[in-house]
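K.L.:
This is the structure I have questions about; it appears just below.
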Amino acid sequence: MIKKLHQVEDLLAGRPPGKIAVVAAHDINVLSSLKEAYDRGFAQPILIGNKGKIIDIANEIGFDLSGVNIIQQDNNHKSARVAIELAQRGEAQALMKGILPTADFMKAVLNREIGLKTDRLISHTMVIENKNYPKLLYVTDAAINIEPDLMQKVELINNSVDIAKALGVKKPKVAVLAAIEAVNPSMKSTLDAALLTQMNKRGQIEGCIVDGPLALDLAISPESVKQKKVKSDVAGDADVLLLPNIDAANILVKSLAFLQKSKMCHIITGSKAPLVVTSRSDGSMIKYYSIITALALCRNCK
């Protein structure tokens, strides 16, 4: 089981470079992260955007583009369409958002006529390496689904579990988080958590162990489990953290990023190809880990 993000490189070692189409690629952080993945033999980027700017940035950072396909396209909407067409034809295994608004990128992905929708819910998982936790945490959903209902939460679990399994977790432990660990009829998060737990026990959610409601301390702290005397197959050892809504997930992720300097990467799944959609405030290493994780998932795409 992979416990550190750099170990994702081991999954890609010996494989042919994965093809990743990058929309609006004329950005120094994006190209720096791609250079790292390209130089190590993990990625074969297809750069879509302003060719002159791409070449100027590449020269600045020492990125040899002689073996890289660059597609000239200044219009962001058309750039996104080109990338989607490459994925539809199987010429790109993953897509990455460059320097364009996330809304514009996702609008193209979700387009009913030309997009990459499947019958699965598209969702965001943040893979987090924190020095105070002995393994990777998979947190969902901090970016796409605002206020997921019960059945959407089932899909969020399925998508994050698939990622965890692709990175070596045999049977992921899913903690459905709430403010408390008891069911309270006034708190929808606790009711959903109890239902998801029961659905898992009855085989309606497969390939993982689900338990909730669990407060965050109970999900990740064996000491809290001991003190509160909670019996659970998940508590204190969670792999996946399912948050009640986008606000809670986003706040948790950014707290870990900015207060604890955790290493992390963004992955969006449920589409025909994994998507790398990072924040403008993310550095090149977050983008790098997101790229190689997306390419590691490509052999597991559905």
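The values are calculated or read from the model by the stated rules, or taken from the named source; none is laboratory data. Since this is a predicted model, take the numbers as computed values, not measurements. Cβ atoms come from the backbone with ideal geometry, glycine included; neighbour counts cover every protein chain shown.
K.L.:
So, in segment 18-31, how many residues would count as being under 20 Å from the mean Cα position of the chain (by Cα) and surrounded by fewer than 24 Cβ atoms within 10 Å (Cβ to Cβ)?
P.N.:
Of the residues in that region, 3 qualify.
K.L.:
Within the set of pairs 6 or more residues apart or between chains, which connect a residue that is more than 10 Å from residue 164 (Cβ to Cβ) inside segment 124-143 to a residue that is hydroxyl-bearing (Ser, Thr, Tyr) and part of a loop (DSSP other than H, G, I, E, B) with Cβ atoms less than 7 Å apart?
P.N.:
Partner pairs satisfying both residue conditions: 128/262; 129/262; 130/262.
K.L.:
Exactly one condition in (1) assigned to a loop (DSSP other than H, G, I, E, B); (2) modelled with pLDDT of 95 or more; (3) not assigned by TED's automatic domain parsing to the domain that holds residue 220 is false for residue 135; which is it?
P.N.:
(3)
K.L.:
Which of the residues that make up segment 18-35 are of a type in the set (A, V, I, L, M, F, W, C) and either touching a strand residue (DSSP E or B) at 6+ places or on another chain (Cβ under 6 Å) or outside the structural domain of residue 73 (by TED's automatic domain parsing) (or both)?
P.N.:
Our first condition is that a residue be of a type in the set (A, V, I, L, M, F, W, C); within segment 18-35, this holds for 20-25, 28, 30-31, 34.
20, 21, 22, 23, 24, 25, 34, listed by residue number.
K.L.:
Then there's this: Return only the number of the condition from (1) assigned to a helix (DSSP H, G or I); (2) of a type outside the set (Asp, Glu); (3) modelled with pLDDT under 95; (4) farther than 27 Å from residue 210 by Cβ that residue 291 does not satisfy.
P.N.:
If we test residue 291 against (1) assigned to a helix (DSSP H, G or I); (2) of a type outside the set (Asp, Glu); (3) modelled with pLDDT under 95; (4) farther than 27 Å from residue 210 by Cβ, just (3) comes out false.
K.L.:
Right, another one. Being out of contact with any strand residue (DSSP E or B) (no Cβ under 8 Å at 6 or more places or on another chain) and assigned to a loop (DSSP other than H, G, I, E, B) is the filter; apply it to segment 4-15 and report the residue that is nearest to residue 138 (Cα to Cα).
P.N.:
Going residue by residue through segment 4-15, those that are out of contact with any strand residue (DSSP E or B) (no Cβ under 8 Å at 6 or more places or on another chain) are 6-11, 13-15.
Cutting the leftovers down to assigned to a loop (DSSP other than H, G, I, E, B) gives us 13-15.
Values: 13: 23, 14: 26, 15: 25 Å.
Taking the candidates together, the pick is 13.
K.L.:
Shifting gears a bit: Residues that are within 29 Å of residue 7 (Cβ to Cβ): list the strands (runs of 3 or more DSSP E) wholly contained in segment 25-105 that include at least 2 such residues.
P.N.:
Hits in segment 25-105: 43-49, 94-97.
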